[in-house]
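What follows is one structure encoded as structure tokens, with my remarks underneath.
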Amino acid sequence: MRRLPVAFFAFSLFLPGQEPAFQEFWPGVAYDPAIPTFQKVLGYGAGEQISSPEQLLRYLEGLAAAAPNRMKVFDYGKTWEGRRLVYAAIGSETNIRRLEDIRGAMRRLSDPRTLPEAEARGLMSGVPAVAWLAYGVHGNEISSPDAALVTAYHLLAARNDRMTRDILANVVVLIDPLQNPDGRERFVQHFRSSEGLAPDAEPLAAEHNEPWPGGRTNHYYFDMNRDWFAITQPETKGRIRALLEWFPVLFVDLHEMESDATYYFAPEADPFNPHLDKDIRESLEWVGKNNAKWFDHFGFSYFTREVYDNFYPGYGASWPCYYGAAAMTYEQASARGLLMRRSDDTVFTFRDAVRKHFVASLSTLETASRYRERLMDKFYRFRKLAAEEGASEPVREYVFPRSGNVTAVDKLADLLAEQGIEVKRAAAPVTVNGRRLPTGSYVVPLAQPSKRLIRVLLDKQVSMKEDFLKEQERRRQRKLPDEIYDVTAWSLPLLYNVEMLAAGSTTAGQFETVKAGELMKGRLRPASAPVAYLVPWGSAGAARIAAAALREGFTVWSSDKAFSQNGGKYPEGTLILRTADNPAALGEAMARMAGRFGVDITATASGWVDEGVNFGSAYVCKLRKPAIALAWDRPVAAGAAGHARFVLERQFGIPVTAVRTQQLGTGDLRRFRTIILPDGSREGYASTLGAAGTRRLKEWVAEGGTLIATGGGAVSYLAAPKTGLLAVRQEERVKAGRKDDAEDKEEDDDSEKAEVPGKVFTKQEDFDKAIQAEKELPDLVAGVLARAKVDKEHWMGAGAGGKVIAMVDGRAIFTPIKLDKGVNAAYFAGPDEVVASGYMWEDNRKQIAYKPLVIVQREGRGQIIAFTADPNFRAFMDGMNVLFLNAVLRGPAHTR
């Protein structure tokens, strides 16, 4: 359908179909006609249409072709859906000719240990600063990618403009025009399929309201602005690699926010992460003040120091700070289309949003140009001081014993190396703090330029300032929303549930440098087995072997009880692949899988065990090939569904069938052994499935199915009285000073009375108590790592080692299940030890203690497994993998 351009409906001075002059974006500048415009390449003016990923790339390459001496395009990866990820380098002809020299200079500056200060000064005086502008990490935040190309056009085409000339001389500008092509394509397709004759400013119009899952996230529904240190997604992986090639000293991540807002730029809001220093805050002030100058000049409204913090290191606006960049977020009110009517009845356009992001981009580059040497000096000094701090502080090294879940330990070391952190692997046993550690253990020295990144990722607690927390408590008491933007805990050793030692001295021994992507390989010993192959359970690698073996058609058994044989100890869950049950190719497959998945496999010549159960015991169950349906579409939280699917498919190689939630209530479920209900709305599940759909789920479970709920909303649906699938209840908030609601029951219900008995308040506390709600849910928790104990006698706890760490967010707390109904396979620790990291309201901390994390309930021939906290949160909860895989892989073996 041909639509009239937005410029017409925005009452522009330009005729329909004619490209608005770029002078309107930055008045007073003349442009070189040899540089192609949007109109020439794409057939529409800048800001007139929402460009697709293909159109953005086509225009970017058109610009590069027109100015090859001043612009180069580099690929840094591909998305899950195969779209290219690129960035463009723009600068003067001189700087573009020496790009490799500039990149090399930044890498030399990144390690002050090998670069004397005098030499560093000379280096800094001779090269431009590097600035990285990143656009469109959220696919439905639509204006910044078009602004990226307006910025590129201006830098190449502006003539006789001193500001642009200075930028190109003093800065190499790296433009990442679209960080999330898959999400943007999803939004663009929605928008174009919803459009009518003309752009519609009505907020209720279909073009402004996306169907599930929306375009914010990537193919697996990850918010990639939370993925920076976890690096689970290919987009993040490529971006981190590119940043560590260039070490840009200034990084900006451009976003959109709600339509009634104005424009946000740095400085950031509190809380400020304590592992950053005032030098970075000063740089943010430089940028903010210059942005304010230009926004004032053009009459744009803006705000600073509110809402958007950089406490969590997984943002694009925070991760680069830990290598020494000045990183920040910009947020522009979103039109979510071409026109948007605000609540005050004013209308703004997509083109308005594009222009403001363009102005902010250019203003930021002007700051980078003006403060070139000072930004580079700050970068150098940040890394120099970090290494010096690491050599003088009480803790000199963090050490990871390669024991227990060895594949998690290996992955953690690899993840650190991928972020530019120096990690060493012991080539022989070493002694740390008087303890002998095995070969392959990892040492992370703190006397290195990445010391602050190490601390923020590995320290068990990163605390917010006391005055900030005190203010949040005050707001909470008054029922005001808190100002904590994201999770308050992310310590990688806790997320991975692996042991970390703090060493006060340098560890002696033989070491090799860990290179990202070169993971340890497992071995098969001896080479063949007359009877069986044994794979100890408890690691991600063992779960991958189970999944791969089942997928390749091998017969796999798993022991619910531990046993020992020939001096080797095999924990609960250990996989047993008997040669008599399998084809001759089993031995070759075991050798291949041991190497690929980093797990040692033992070939045994006997079924005799020295202690514990034999291979033919009733406690040894046969695993079934997974047949999994995953609830997909409303009311499921898109992230929860995507994370679960990603963990199963990409981390463990387990195929998943995504089924529209409504069809779970109407379709033939007999082919599925497992159904997963990810976190979502309790009421939404109830209305989407309806009474008939709920009844079908009950029947399917009773016939032998395994129903898994992951997250408080899904568990709340199962536990609701009308659903009747899980014999627990979601708890209301326990009032201060009360252990339960017994006192409330004693009070008369006055809700239907016209008058109530009078009360005398004699002090402030009486009033404060009187205005509290009679019944409410616990307060929302922003995200805390909580300790939980695991029932080692139940099959569900196999391989977990008796404890796990869960991410608790939201407000869902449940009653424990009674012993005659089921088992609390994992439950939270006591009130004084439940918080492993982060900040939890005291009321919640007390109430969640000894409440269930994992519930297993038999139902007919099947079972229900409920995770009250999502085990797949952001796919970085590796320490929860074993419980989730117990449910998915071993759960169906315990049904009839």
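Roughly how many nanometres apart are two label points built 7 Å out from the Cα toward the Cβ at SER343 and ASP101?
5.6 nm
Among the aspartates and glutamates, which fall within straight-line cross-link reach of LYS278, defined as a Cα-Cα distance under 17 Å, with same-chain neighbours fewer than 8 residues apart omitted?
Once the sequence-local aspartates and glutamates are set aside, what remains near LYS278 is GLU268, ASP270, ASP309, ASP377, GLU389.
Restricting to DSSP H runs of at least four residues, report the calculated mean residue ellipticity at 222 nm for the chain, -39500 (n - 2.57) per run over all residues, nearest 500 deg cm²/dmol.
Roughly -10000 deg cm²/dmol at 222 nm, from the helical runs in the chain.
How large is the accessible surface per residue of the chain, computed with a 1.4 Å probe and reported in Å² as a whole number?
Roughly 39 Å² per residue, with all protein chains present.
If you rank LEU123, LEU780 by how much accessible surface each has, with a 1.4 Å probe, what is the order from largest down?
LEU780, LEU123
What whole number of Å gives the distance from the Cα centroid of the range 800-857 to the Cα centroid of the range 622-696?
24 Å
Looking at PRO678, ILE601, LEU648, which one has the Cα that reaches farthest to the positive end of the dipole of the range 571-695 (charges on Cβ: Lys, Arg +1; Asp, Glu -1)?
Sorting the options by dipole projection puts first PRO678.
Report, ordered by chain and residue number, the lysines lying within cross-link reach of LYS846, taken as a straight Cα distance under 20 Å and ignoring same-chain residues fewer than 8 apart.
LYS470, LYS479, LYS735, LYS739, LYS769, LYS775, LYS789, LYS803
Which percent of the accessible area of the chain is formed by carbon and sulfur heavy atoms (probe 1.4 angstrom)?
Carbon and sulfur together cover 50 percent of it.
Looking at the range 288-427, how many pairs of lysines come closer than 26 Å at the Cα, when each pair is eight or more places apart or spans two chains?
So the count works out to 6.
How many nm separate the modelled label positions at SER194 and ALA508, each set 7 Å beyond the Cα in the direction of the Cβ?
Calculated label separation equals 6.8 nm.
Which angle from 0 to 90°, rounded to the nearest 10, does the C-alpha axis of helix 181-194 make with the longest principal axis of the chain?
Taking the Cα atoms of the chain, the angle to 181-194 is about 80 degrees.
Got a number for the accessible area of ILE817? Probe 1.4 Å, square angstrom, nearest 10.
10 Å²
Can you give me the solvent accessible area of GLU466 with a 1.4 Å probe, rounded to the nearest 10 Å²?
In the full protein context, GLU466 sits at about 130 Å².
If you place +1 on the Cβ of every Lys and Arg, -1 on the Cβ of every Asp and Glu, and leave all else neutral, what size is the dipole of the range 850-896 about its Cα centre, to the nearest 20 Debye?
200 debye
Pull up the DSSP beta bridges for the chain and report the antiparallel fraction as a percent, rounded to 5.
65 percent
At 1.4 Å probe size, put THR506, THR694 in order of accessible surface, largest to smallest.
Per-residue accessible area, sorted high to low, gives THR506, THR694.
Evaluate the charge dipole of the range 591-699 about its Cα centre and quote only its size in Debye, nearest 20, assuming +1 on the Cβ of each Lys and Arg and -1 on the Cβ of each Asp and Glu.
So the magnitude is around 480 debye.
Excluding same-chain residues fewer than 8 positions from LYS698, which aspartates and glutamates have a Cα within less than 18 Å of its Cα?
Answer for LYS698, where 18 Å is the Cα cut-off: ASP668, GLU683, GLU859, listed by chain and number.
Report the accessible area of SER125, computed with a 1.4 Å probe over the heavy atoms of all protein chains in place, in Å² rounded to the nearest 10.
For SER125, the solvent-accessible surface is approximately 70 Å².
The values are calculated or read from the model by the stated rules, or taken from the named source; none is laboratory data. Just so we're clear, the structure is a prediction, and the values are computed from it rather than from any experiment. Glycine also receives a Cβ, built like all others from the backbone with ideal geometry; neighbour counts cover every protein chain displayed. When the accessible area is computed, the model is the full protein with side chains, heavy atoms only, and any ligands, DNA or RNA have been set aside. Shrake-Rupley method; radii C 1.70, N 1.55, O 1.52, S 1.80 Å.
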